[in-house]
Structures are given as C-alpha cells and as structure tokens.
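Reviewing the structure listed below.
Every read-out reported here was derived from the displayed coordinates using simple, explicitly stated rules and does not represent laboratory data. Here the structure is a predicted model, which is why all the values come from computation and not from measurement. Positions of Cβ are generated from backbone atoms using ideal geometry, with glycine treated the same way; all protein chains shown enter the neighbour counts.
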C-alpha cells in the first residue's frame, strides 16, 4: 500500500465531505488531485482493501428494524440453508461461527412488521427455529483502523460520540438511500450524480444527507476497510453472562476498550443461551483475540458468571442495508 492510500484510509473512514466537489477537497488536503483520489479508491475497492466507500446506514434510525439472529444448522444442510438465507434482500450480513448456533446473520428491514415476517419466512423455509437477538442497548458501535507506515494495523475508537436520534424518511430520502446503498458514485461531483437519479437538485441531496448524518440515519460517510484483507483476520464474538444490576456500568466500560468494535446488550435465550452482553473483538490471530478477551474477563470480574467466544470461520454474505425499489 502506498503512502497516499494509507493516509486516505487513516483519515477518511468517516467525515467525507458533503459538498459539490468533495474529492477535490480531499485531494487538496492530501496533496494530490481529484482524479488520482478517485482512481485510488476504485483500485482499493477492486483489490478488496476497501469493502465499500460511501455512507453507512442504520435501519433502526430511519424507522425500520435491525436485529441479529442465529440458526443451528446441521452440516449436511448448511449449504442449502445458507443459499436460502442469503437470497433474502433483508439479510445484510451472514457468518458461520463455531458454536451449536453456527449461522449468525443480521436482518435489516424498513418496518418492524417486515422484520418479524422475514424471521417467520426463514423459520418456515429452513424448518428450524430462529433465535432473535435484537439490541436492547448500545454501548459502542464502530471500528476505525489505523495503518502504520510499516504495514501494521491497529484499532482505535471512532472520533466523536455515537450519534443518537433518528427520523422517519420520506420518499425523496428513500430514493437517496437507494441511490447510495452500494456506495457513493466515484465521480468528481457525486452528489450531482445522485440528484440526477433522484429527480432533484444537488443542494437538496446534500441537505438531505447532512440531515440524515446529523440524526444518525447515516452513521458515517467514507472508506470502510476490509479488516480481513488488512491483516485482522481473527473475528471473535465474545458473549458474557453479566449481573443484570451491573450491566449498564460494565457494558459501557467494555465498549470503551479500543479493540471492541460493537458492544450491545441482547436478550438471553435460556437454557441454550445465558449471555446478555455481546462484544465483538478483532485481532491478527486467535491468540490475540483470546488475549483481548482475557482483558474483558478481568474487567468484568465476579460480576460475570460465564462467557464464550464464537470465532467466525466463513463470511457467508456481507452487503449492508438494501431498500427494495
């Protein structure tokens, strides 16, 4: 990776400008020109260094619903069920993990009713129970990677507080989401391109996107690095059975750890699933993840009765939110 790419990724995992010529502003800051920046981003996407470039949307902040769900699938049916689950537009991500519950997927829908309908459809098609783990409380959400000049990569907290709020999007907002859910157009005036596809003017698109960013519908706009491609190839979903009376305090402390990218309270499903705190931990290998999990163990102390780490073994699907036309 060259120095320009490294500087761009370190600086623009969020905070990409909403203005008529955003790539020119980025280029000026990094000492180059917009054509070079656009070509570099396309190359990083082609090489898999970036998984996407553009806005990250939060379905729940736009009046929709978002949940983490799991299935227990036998080996002889795993491919069949994977194909069925992945074919659903509402399924944004899907991972195979080492546990009796071995398929974990995120469902994102425009309405709560659609979320339950999707769960029902999966249960009926797979003839298996779906375990639903909606987030009850968010302690932290975000992963910012820092690349050093020797090729190393580390994690750090996102700058600024987690945006709260939300809004009900109207038809024009929805068109803008649809036009950008695959990423921003890699053109010198991307918001003008979006405006053309949405039947409005550039200033309106920028105003709408600024409002969605302020209200948390857009979590951030920028480069989303592929942490697997950059060397953080171990992914452990650590889960913890924490004393309910201490969960608010301890969940916030776990969420502040710089190696935790997601930290939520989620419901237990007894007797199979006694855990109420989820914390995603990334590392270069399993030993590094295990060492970080040990730090969480020490932090929680006697307030945690038991825990587990579900390592991902395969990425089955990773697309993000999709609104159907």
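For the pair residue 100 and residue 83, the difference between a 0.36 nm per residue extended length and the Cα-Cα distance amounts to 4.2 nm.
Annotation for residue 138 and residue 158: the two label points, set 7 Å from Cα along the Cα-Cβ direction, are 0.6 nm apart.
Considering only the Cα atoms of the stretch 1-51, their convex hull presents on average a projected area of 3.4 nm².
Size estimate for the stretch 218-313 follows the Kirkwood approach: the inverse of mean 1/r over distinct Cα pairs works out to 14.0 Å. Quick one: Debye curve from the C-alpha atoms of the stretch 143-284, no solvent, what's log10 I(q)/I(0) at q = 0.16 Å⁻¹? Each listed q corresponds, in turn, to -1.01.
Each part gets one Cα centre, and for the stretch 1-75 versus the stretch 201-243 those centres are 9 Å apart. If a spin label sat at a point 7 angstrom from the Cα of residue 36 along the line to its beta carbon, the backbone N atoms of the stretch 1-28 nearer than 15 Å would be those of 2-9, 23-28.
Label-to-label distance for residue 117 and residue 3 is 5.5 nm, based on points extended 7 Å past Cα in the beta-carbon direction. Of the Cα atoms belonging to the stretch 9-115, the radius of gyration and Dmax stand at 19.0, 55 Å.
Counted residue by residue at 0.36 nm each, then reduced by the alpha carbon distance between them, the extension gain from residue 127 to residue 203 reaches 22.4 nm. Restricting the calculation to alpha carbons of the stretch 119-227 gives Rg and Dmax of 18.3, 51 angstrom. Radius of gyration (Cα atoms) of the stretch 49-168, expressed as a multiple of 2.2 N^0.38 Å: 1.24.
By the count of other C-beta atoms within 10 Å, a proxy for reagent exposure, 315, 107, 194 are ordered fewest to most as 315, 194, 107.
Any idea what the relative contact order of the stretch 176-280 is, in percent, if you count C-alpha pairs under 8 Å spaced at least 6 apart? Don't skip to the end; give the middle numbers.
Working: 93 pairs, mean separation 19.3, N = 105.
It comes to 18 percent, rounded to a whole number.
Tell me, in nm to one decimal, what length is gained between residue 318 and residue 248 on full extension, where the rule is 0.36 nm per residue of separation less the Cα-Cα distance? Mind dumping the intermediate values first?
On the way: separation 70, 0.36 × 70 = 25.20 nm, distance 3.02 nm.
Length difference between fully extended and current span is 22.2 nm.
Neighbour counts of other C-beta atoms within 10 Å: give me 209, 1, 280 arranged from fewest to most.
Values: 209 22, 1 14, 280 18.
Fewest-to-most Cβ neighbours within 10 Å comes out as 1, 280, 209.
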